[in-house]
Amino acid sequence: MTTHPATTAPIATALTELRAHFGADAVTITPDGSGGVYVVISDLPVGPAYTQARTWLGFQISAAHPDADIYPHYTGALTRTDGQPHGQAIQHVTWQGRPGEQALQISRRSNHRDPAVDTPINKAVRILAWLTTQ
Amino acid sequence: MAHHAVNPPATGASLTIPARLWQQLHAHLFPGDHAAHGAVLLAGWTDGPRGLRLLARELIPARDHIDYQPGTTGYHALSAAFVRDNILRARDEHLAYIPVHNHGGTTRVQFSPTDLASHERGYPTLTQISDTPICGLVLTPQAAAGDLWHPDGTRTDLAEVVIPANNLLRLRPQPTAPSASDTSHASYDRQVRIFGDLGQRTFQAMRVAVIGLGGVGNLITEYLARLGIGHLILVDDDLVDETNLPRLSGATASDVGHPKTALASRLARQAQPTITITSLTERVEQTHVQAELRQCDWLFLAADGAAARHFTNAAVQQYLIPATQAGVKIPVRDGTVGQIHAVTRLLLPGTGCLWCDGLINPTDLAIDMHAPADRAAAHYVPGTPAASVLPLNALAAAEAVSHFMHAVSCLHDDDLDHAGVLHRPRTRTRDLINSRTHPDCRWCAPQKQFALGDRPTTNVASS
Ligand SMILES: [Zn+2]
Ligand SMILES: [Zn+2]
């Protein structure tokens, strides 16, 4: 478990929920330099649609949390088992939260967002479920 | 039309009362019966440019004859039960406790010997209970005096009460005396004839931020500097581009590639050589930029980004700093120009909120908070440059600064009007737009971030 410097109370709450769900060892936190954090959750199963069995899921919880959406999400490089390209909500990028490697950017907006429902943990779970069914 | 004496900002501790609370407090204390009434304000606090700022968050009116009644000495006092309930709330929510009552008179007020004796008897114990500042406050409709006690035992007079409404009211124990000698420069003679010597001195004493120094912010900066504002905080991380030149006052080709803050600073110094400028070539989400905004008396928001909107709105609501948003929208679709809007929106604490008006998109805010490379990648549908032209920017900038100068010199007819102004040049129409507030907004609703100042959010009892 990575220690992190003092953040806002809402960010601390979100990190507690993420660690409780995914396990403290799976959640890596890096400061983003502007009062927020980059979160990486490691070793998550992505289902039979991809040649890779497991990957990481990353996102930023910015200093504007909980007013800001969690958007976009990032994963390690994945290739589809059916040989097709990814859908239009997925792009190849590099990401500041893991600058040394190729990543996929997953762009799923929360329309009519409710901060009490669209929490970082709930959205991470939803993004993973969405990814496995693509 | 209410007439208010203009008081320049006073050095020392102050209390800011949002317009909505002031309206309620005024109605409670001055219902027209000329009798004594009482109330308590609970307040956050922060360090301001001229001293401690108490930030009124909630008004608890004392019921006549029940919570506020004649005491043993014959003078009215808050009941023991009312004091106990509210000092415990101040302790639990870590807020300043401000007992208020009214006196007769209009433009002058002071505590009576009985008032001061009761403070000396009661406040040392109350500050020990709450462990927060206690400030006795006495009001007439146009004057205020305060006796501020700290938990460490120190005691000071409150320098002023500030009410950021359509007029920016500053109440003091007595009106500021016009200076015997002429303190303002001779060059301001024509505008002193509008604002008075005290109005001009008020401009000189103010710290004002301009967030975003594009076409609108550049003009606002020039107007404020020429008006005589003493200290400008200029915020923009962007560089001048060749395509900006037709809309940037004072710009030449040699400004291309240099920060917009450098151009705006030069423009302001040309207008007013003795001006103080804090130039911040950075984005608003940097924490020290936000700290600078909190040291201001007024903010002008002339940037489009969601983060600029969010953090300006946060300073308005959490630190009770009035702001004006100014901008121009020119929709162009397939070469066809739609309805053009030049908008100025008044953001008063508790009565004008960019979240409540639906003007901040949470996903756009998330993207805006990213590091530059991630931000560019996250906008995977590239935007096209917006149409823009100087006279439309001038319409919004002039409306914004004109409203501000009327507010500061208390020249608006209506103290409590908080409408924005929408120009539609194509139809030659001009409308007032009233903003909404949601009762559960995280920023402007009474039980949330509103007026908390520096208090950590973790202490919010309701969250
Ligand atoms: Zn009295
Ligand atoms: Zn609001």
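Please treat every number below as a calculation from the coordinates, not as lab data. None of the values given here were measured: they were computed from a predicted structure. Using ideal geometry, Cβ is built from the backbone for each residue, glycine included, and neighbour counts are taken over all protein chains shown.
From the C-alpha coordinates alone, can you work out the Kirkwood hydrodynamic radius of the protein assembly as shown, in Å? Before the final figure, lay out the partial values.
Values: mean 1/r = 0.0380 Å⁻¹.
Answer for the protein assembly as shown: a Kirkwood hydrodynamic radius of 26.3 Å.
Give the whole-number value, in cubic angstrom per residue, of the convex hull volume spanned by the C-alpha atoms of segment B:257-394. Please report the intermediate quantities before stating the final value.
Values: hull volume 20.7 nm³, N = 138.
Hull volume over Cα atoms, normalised by residue count, gives 150 Å³.
What does the charge dipole of the protein assembly as shown about its Cα centre add up to, to the nearest 20 debye, if the Cβ of each Lys and Arg holds +1 and the Cβ of each Asp and Glu holds -1?
640 debye
Hey, got the average number of other protein chain Cβ atoms within 10 angstrom for residues in A:69-77?
Working: counts 8, 3, 9, 8, 0, 2, 0, 0, 0.
Per residue, the average neighbour count from other chains is 3.
If you restrict to DSSP beta bridges whose two residues both lie in segment B:26-132, what percentage is antiparallel, to the nearest 5?
Numbers: 19 of 20 bridges.
Once the DSSP bridges in segment B:26-132 are tallied, antiparallel ones form about 95 percent.
Give me B:206, B:369, B:405 ranked fewest to most by other Cβ atoms within 10 Å of their Cβ, as a rough exposure proxy. Please list the in-between numbers first.
Working: B:206 23, B:369 29, B:405 20.
Least to most surrounded, the residues fall as B:405, B:206, B:369.
Output the 0 to 90 degree angle, nearest 10, between the alpha-carbon long axis of helix A:120-132 and the longest principal axis computed from the alpha carbons of chain A.
0 degrees
Output the antiparallel fraction of DSSP beta bridges having both residues in chain B, as a percent to the nearest 5. Working shown, then result.
Values: 52 of 81 bridges.
Looking only at bridges with both residues in chain B, the antiparallel portion is about 65 percent.
Quick check: the angle from helix A:9-22's long axis to the longest principal axis of chain A, C-alpha only, nearest 10 degrees?
40 degrees
Take B:399, B:282, B:242 and order them by how many other Cβ atoms sit within 10 Å, fewest up front.
Numbers: B:399 20, B:282 15, B:242 10.
Ascending Cβ contact count within 10 Å gives the list B:242, B:282, B:399.
Placing +1 at every Lys and Arg Cβ and -1 at every Asp and Glu Cβ, with all other atoms neutral, what dipole size does segment B:206-260 have around its Cα centre, in debye to the nearest 20?
Working: 4 positive and 7 negative charges, 65 e Å.
In debye, rounded to 20, segment B:206-260 gives about 320.
Could you bin all the Cα-Cα distances of segment A:34-89 into 10 Å bins starting at 0 and give me the percent of pairs in each, rounded to whole numbers?
Using 10 Å bins, I get a P(r) of 21, 42, 26, 11, 0 for segment A:34-89.
Going by how many other beta carbons lie within 10 Å of each one, how would you line up B:135, B:441, fewest first?
Details: B:135 25, B:441 18.
The order, fewest Cβ neighbours first, is B:441, B:135.
With both partners inside the protein assembly as shown, how many of the DSSP beta bridges are antiparallel, as a percent to the nearest 5?
Numbers: 77 of 106 bridges.
Percentage antiparallel, nearest 5: 75.
Rounded to the nearest 0.05, what FRET efficiency is calculated for residue B:436 and residue B:60 with R0 set to 22 Å and r the Cβ-Cβ distance?
Details: r = 26 Å, r/R0 = 1.16.
Rounded to the nearest 0.05, the efficiency is 0.30.
Just from its helices, what would the mean residue ellipticity at 222 nm be for chain B, if runs of 4 or more DSSP H residues each count -39500 (n - 2.57) and the sum is divided by every residue, rounded to the nearest 500 deg cm²/dmol? Present the calculation step by step, with values, prior to reporting the outcome.
Details: 11 runs with 139 residues, N = 463.
Helix contribution divided over all residues of chain B: -9500 deg cm²/dmol.
Per residue of B:357-364, how many C-beta atoms from partner chains lie within 10 Å of its own C-beta, taken as a mean? All intermediate terms of the calculation are to be shown ahead of the outcome.
Details: counts 0, 0, 0, 3, 4, 15, 11, 4.
Going residue by residue through B:357-364 and averaging, the value is 5.
Students often forget the sequence filter, so: which lysines lie under 29 Å Cα-Cα from residue A:123 once same-chain residues fewer than 8 apart are removed?
B:448
Farthest toward the dipole's positive end in segment B:311-428, which of B:378, B:389, B:355, given Cβ charges of +1 (Lys, Arg) and -1 (Asp, Glu) about the Cα centre?
Of the listed residues, the answer is B:389.
Given +1 on the Cβ of Lys and Arg, -1 on the Cβ of Asp and Glu, and no further charges, what dipole in debye does chain B carry about its Cα centre, rounded to the nearest 20? Walk me through the numbers on the way to the answer.
Working: 37 positive and 43 negative charges, 110 e Å.
Using only the charged Cβ atoms, the result is roughly 520 debye.
Residue by residue through A:55-67, how many Cβ atoms from other chains fall within 10 Å of the Cβ on average?
Average neighbour count from other chains, rounded to a whole number: 4.
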